[in-house]
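Enquirer: Structure incoming, see below.
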Amino acid sequence: MAIKVAQVSIENIDDAEGLESVMTALKNITGVTAIELDTDNHTAFVRYDDTETSIHAFTAAISMVDYVTQPFPIDAPQNPRYHD
């Protein structure tokens, strides 16, 4: 088991119902162990077991609730916060 963290950018969430839908979608993915939301920046940090799931599952789950995502492993150079 290898625990990893991905930053998921969630655009266009502007209400509590949308936020709850996205949280539910992420929580229902087998292998997700924790989620930390940053609503000001429309991002979530998802901690997950990479032997059970992948960042592709996050994209698929969130797109099912009609939000656009851009997931990056926390240490990927594509991650906007890579140098933080």
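Enquirer: Not counting ligands, DNA or RNA, and with a 1.4 Å probe, what is Ile29's accessible surface area in Å² rounded to the nearest 10?
Expert: That residue has around 20 Å² of solvent-accessible surface.
Enquirer: For labels at Thr39 and Ala60 in the simple 7 Å Cα→Cβ model, what's the distance in nm?
Expert: 3.0
Enquirer: Please label the shape of segment 1-44 as rounded, prolate or oblate, based on the square roots a ≥ b ≥ c of the eigenvalues of the alpha-carbon gyration tensor (a/c under 1.5 means rounded; beyond that, a/b larger than b/c means prolate, else oblate).
Expert: Cα axes put segment 1-44 in the oblate bin.
The values are calculated or read from the model by the stated rules, or taken from the named source; none is laboratory data. Predicted model, so just to flag it, every value in this text is computed and none were measured. Every residue, glycine among them, receives a Cβ derived from its backbone with ideal geometry; neighbour counts consider all protein chains shown. Just so you know, the surface numbers come from the protein's heavy atoms only, side chains and all, with ligands and any DNA or RNA stripped out. Shrake-Rupley method; radii C 1.70, N 1.55, O 1.52, S 1.80 Å.
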